[in-house]
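Okay, structure first, notes after.
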Amino acid sequence: MTPTPEDEAAMEASKAPLLDHLIELRKRLIISLIAFFACFLVCFFLAEPIYGFLTQPLAAALKGQPNDHLIYTALYETFFTYVKVGMFGGLCLAFPVIAWQLWMFVAPGLYRNERRAFLPFLFASPVLFIIGAAFVLYVMLPYAIRFFLGFETPGGPNALGIQLQARVSEYLDFVMTLIIAFGLTFQMPVLLSLLGRAGLVSSTQLRSMRRYAIVGIVIVAAIVTPPDAFSMISLMIPLIALYEISIWCVRLIEKKRAQADAAAAAGQTA
């Protein structure tokens with residue numbers, strides 16, 4: 001869409017020397033760091049219940065068994081695990097503030113119609129990340145844990161038993177990796193819609209590339225999930241559905257762009 005004279009005037013008024021932009025960037029970074037540090041402190045002091053929440057799938061799978069607990073093999077391991085919990089939780093909690101500061105820095109350089117177009121994606125991104133994280137904790141992880149527990153072996157007179165003794169830090173790393181992987185891969189509609197908004201891809205191209213996209217999704221699912229069929233399928237199916245949703249979103253963007261261009265053309269000929 002062609003910028004209006006009012007948009008051009010607003011853009012011209014927002015121009016500033018490089019030093020002013022650097023000062024503005026420093027201000028936004030300081031606010032973001034303060035928000036992260038404050039959220040980190042809150043999450044660090046609440047690290048034990050947060051970690052307990054993350055271990056619920058494992059606790060449910062080990063309920064009633066003699067190894068229904070976690071272990072740590074280094075004196076400082078639990079402390080630094082709680083620090084990781086605080087940092088991870090602090091980043092998630094402070095993300096709305098960080099995203100808003102980034103938006104406040106970038107928005108003056110965008111036209112009004114570009115700001116209106118970008119805002120929905122700014123709100124959709126954390127929602128999709130939360131959906132991906134919830135999918136890990138409530139759908140994929142319980143089944144993956146049961147799969148891996150199936151490799152425990154009872155001992156006998158002439159054989160040693162094999163029993164899970166999960167470490168505090170390793171379990172957190174495992175869960176955090178899955179949450180980040182699923183949260184990022186669930187951003188597919190946002191990424192493809194932004195590319196469609198910029199005119200870099202079209203819904204026709206996405207439909208024609210569907211078979212290649214499915215192959216790529218299978219490869220990604222095989223890489224980021226544990227090595228069992230259920231975990232892989234549990235990521236493949238949502239990603240394929242999200243790809244189809246992305247095609248629909250790009251198609252909707254194209255329809256709105258065509259309507260806006262038609263309206264602009266009609267106004268010029270009137």
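The values are calculated or read from the model by the stated rules, or taken from the named source; none is laboratory data. The shown structure was predicted, so the numbers you read here are calculated from the model rather than taken from an experiment. Please note: Cβ atoms are built from the backbone with ideal geometry, for glycine as well, and neighbour counts cover all protein chains shown.
Quick check on G155: is it under 30 Å from Y72 (Cβ atoms) and in contact with a Gly (Cβ under 6 Å, 6 or more places away or on another chain)? Here the answer is yes, as G155 does meet what is asked. Residues being farther than 21 Å from M140 by Cβ, small (G, A, S), outside any helix (DSSP H, G or I) and at pLDDT below 90 are entirely absent from the stretch 247-267. Among residues of the stretch 111-130 that are more than 15 Å from A260 (Cβ to Cβ) and modelled with pLDDT of 75 or more, those with a beta-carbon under 6 Å from a residue that is of a type in the set (V, I, T) and surrounded by 17 or more Cβ atoms within 10 Å (Cβ to Cβ) at least six positions away or on a different chain give the pairs F121/V190; A124/V190; S125/V190.
Any chance the stretch 40-53 includes a residue that's assigned to a loop (DSSP other than H, G, I, E, B) and at pLDDT 85 or above? For the stretch 40-53, residues assigned to a loop (DSSP other than H, G, I, E, B) and at pLDDT 85 or above: present.
E8 meets the conditions (1) within 22 Å of the chain's Cα centre (by Cα); (2) loosely packed, with under 13 Cβ neighbours inside 10 Å; (3) at pLDDT below 90 in every case but one. The failed one is (1). Of the set (1) surrounded by 15 or more Cβ atoms within 10 Å (Cβ to Cβ); (2) in contact (Cβ under 8 Å) with a residue 12 or more places away in the chain; (3) under 28 Å from Y76 (Cβ atoms); (4) not hydroxyl-bearing (S, T, Y), all apply to Q163 but (1).
Criterion first (over 20 Å from E170 (Cα atoms) and in contact with a helix residue (DSSP H, G or I) (Cβ under 7 Å, 6 or more places away or on another chain)) does I145 satisfy it? Give the derivation first.
Details: over 20 Å from E170 (Cα atoms): no; in contact with a helix residue (DSSP H, G or I) (Cβ under 7 Å, 6 or more places away or on another chain): yes.
So I145 fails the test.
Residues satisfying the criterion are absent from the stretch 189-197 (criterion: of a type in the set (S, T, N, Q), more than 23 Å from V139 (Cβ to Cβ) and surrounded by fewer than 20 Cβ atoms within 10 Å (Cβ to Cβ)). Taking first residues from the stretch 68-94 that are touching a residue at least 24 places away in the same chain (Cβ under 8 Å) and outside any helix (DSSP H, G or I) and partners that are surrounded by 13 or more Cβ atoms within 10 Å (Cβ to Cβ) and charged (D, E, K, R), the Cβ contacts under 8 Å between residues at least 6 apart in sequence or on separate chains come to L70/R167; I71/R167; Y72/R167; T73/R167. Residues of the stretch 178-217 that are under 30 Å from F80 (Cβ atoms), β-branched (V, I, T) and in contact (Cβ under 8 Å) with a residue 24 or more places away in the chain: I179, T185. Just a yes or no: is a residue in the stretch 15-28 modelled with pLDDT under 90, small (G, A, S), surrounded by 11 or more Cβ atoms within 10 Å (Cβ to Cβ) and part of a helix (DSSP H, G or I)? Among the residues of the stretch 15-28, not one is modelled with pLDDT under 90, small (G, A, S), surrounded by 11 or more Cβ atoms within 10 Å (Cβ to Cβ) and part of a helix (DSSP H, G or I), which makes the answer no. Only residues that are touching a residue at least 60 places away in the same chain (Cβ under 8 Å) and outside any loop (DSSP other than H, G, I, E, B) were counted across the stretch 225-241, and they come to 5. For the stretch 39-62, filtered to residues that are of a type in the set (A, V, I, L, M) and within 13 Å of F88 (Cα to Cα), the residue that is surrounded by the fewest Cβ atoms within 10 Å (Cβ to Cβ) is L41. Name the single residue that is farthest from V136 (Cα to Cα) among those in the stretch 198-231 being surrounded by 14 or more Cβ atoms within 10 Å (Cβ to Cβ) and at pLDDT below 85. Result: D228.
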